[in-house]
Amino acid sequence: MVKFVPINSKEKYFFFMNDSEKWDLLRSGDKTAWSDIYTSEVTHLILYAKKLTPSVPIIEDAIQDLFVEIWQRKSALGPTDNIRKYLLVALRRKIFFLINKDEKKMSSYEPVENELPIIDSPESQLINWQTLEQRDSDIKKAIDNLSLRQKEIIHLKYSLGLDNKTISEIMGLSYQSTRNLLATSVRNLKNLLHFLIFLWSAWVQKLLF
Amino acid sequence: MDREKYINVTPESLIEDELFLDWVLRQQPEAKVFWEELIQNHPNEKKAVLEAKDFIHSLHRALSEESLKEFNTHKIWGKINANTPSKIRFLIPSKWIVAAGILLVLSIFFLFPKGPKIIKTEKGEMVQIELPDASKVLINSASQLSYSNRRWKNEKTVNLDGEAYFEVTPGQKFTVATPHGSIVVLGTSFNIQARNDFTIVDCFSGRVAVIDTKGNRSIILPGQKITIDYAGLSEVKYVKNQENVLAWKTGIVYLQQANLKSAIQELQWYFPVEIQADETILSRPLEGFFKTSHLDSALYQITMPLNLEFEKLSNGIILIKENN
């Protein structure tokens, strides 16, 4: 086995660093750290941003502004041990700022709860689908029908796997409101799924009889 | 951890349970052990647990596997970069600048000789500078260029370790010194790659004189290159596709007449990583290129053509091995 030792063996490469080390490297002016953070986080940022606004130009502008600002203000940045959370909070702020500029008010982000009919499921179990594809497409449809806030919290919880405390810090809510919003969102999602299943089975019945 | 809490559990309560999400979403090993033991000891709960697990996985897929094709992340990155131009950095920490300022004032009084000007790039960084005679230099990753401001009028000499592309203002006699020899030019553009064991000079316009440490001298013309090492000068060679030599300016390094060993050595000029590979695969010839923006893609670009793969070991070392 031949070893190729780095030219300066004291350096430790980014991939094996924890968040604080990566962030400190960026703060010290390391461009590679900055571009590596972009590469590893950009997909997560876009997926999250899509839950906040459907506008592609706003998402692109927000991400662009965010990374330009981070680089320009790198020496003034504080430390963090959770880079993703830091970026999500900053991106959220940027997107709402841009939406505001576009619409002069935040009307598209009014918390509208329960805008769809809720059919309470009779049994307590989750739904058993015929096929996996059917389930995935139903869940996609149900998510699309959630309000923006519900979509956002479901995304933070079940796509990024964040805990309630981190979510409350990102969304700027109290811990209790976060739990409530999450519970409402999950219930709504489930009810929407039952509603979809109901429509689907009604359609099957129509077909059969 | 409290197992009793999960007796007669419903899928609904599970999908909001943090410990459950530790296993299903965050893949924490301790949580995995806990839940697998729970299913084993309480088979009645298995149905609810699996149902909730499936549901969360579907939810995760639905949220994460959205199409992102309307986004071009490379283009966004290009715009970000365009808005943050590279500047010459001062390598002295700010608190020393005050001290340096005082020293500078003192040096005027005591005729303290001015030290050389040093420009050093980090790995993955590129810096463009202008010399006192308006000649332009683009300095590549992990390189160092230095010159003396004080003596610039009498001898226009810069020292180079690493790689740089020079566009020298016409009419100026100009010398670049590397560990293996020196390059003397009179208004021309050329690329110098000074590595540990050798220096390669590529001429793009004008004429370049190359002198080794023993005083032997050769002249190269546009389209030609020469290698200097501790043994002396090589023959002058014509280079096919010489523009590829300068592709590093756009973040691409071409490997010509290379093998895996020389490719790894070149890659280490851009990324501070420790790489291991079996001796038997090192001599495999490799033609191609790698991009200097991301380690993963660069590793892929040097291993894929040779049907090799790489693995990041937990101790921070990257292992290159046969693709099984």
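The alpha carbon centroids of segment B:172-206 and segment B:9-65 are separated by 64 Å. Taking a Cβ cut-off of under 13 Å around B:Asn216, the surrounding Lys, Arg, Asp and Glu residues balance to a net charge of -1, with basic ones at +1 and acidic ones at -1. Straight-distance candidates among the lysines for linking to B:Lys32, with alpha-carbon spacing under 27 Å and chain neighbours fewer than 8 residues away dropped: A:Lys85, A:Lys157, A:Lys165, A:Lys190, B:Lys5, B:Lys46, B:Lys47, B:Lys53, B:Lys312.
The B:Leu319 and B:Arg3 beta-carbon pair, evaluated with R₀ = 51 Å, returns a calculated FRET efficiency of approximately 0.80.
Computed over chain B with a Gaussian network model linking Cα atoms closer than 10 Å, the most mobile of B:Asp296, B:Asp161, B:Asp229 is B:Asp296.
Give me the net charge of B:Ala164's neighbourhood, meaning all other residues with Cβ under 11 Å from the Cβ of B:Ala164; Lys, Arg count +1, Asp, Glu -1. Once positives and negatives cancel, what remains is -1.
Near A:Ala62: Cβ cut-off under 10 Å, other residues only, Lys/Arg at +1 and Asp/Glu at -1. The net charge is 0. Which of B:Glu311, B:Glu18, B:Glu125 moves most in a GNM of chain B, Cα contacts under 10 Å? Residue with maximal mean-square fluctuation among B:Glu311, B:Glu18, B:Glu125: B:Glu18.
Each principal axis of segment B:251-322 carries a Cα extent, and these read 32, 28, 17 Å when sorted largest first.
Every read-out reported here was derived from the displayed coordinates using simple, explicitly stated rules and does not represent laboratory data. Computed from a predicted structure; not experimentally measured. Every residue, glycine as well, gets a Cβ built from its backbone with ideal geometry; the counts of neighbours run over all protein chains shown.
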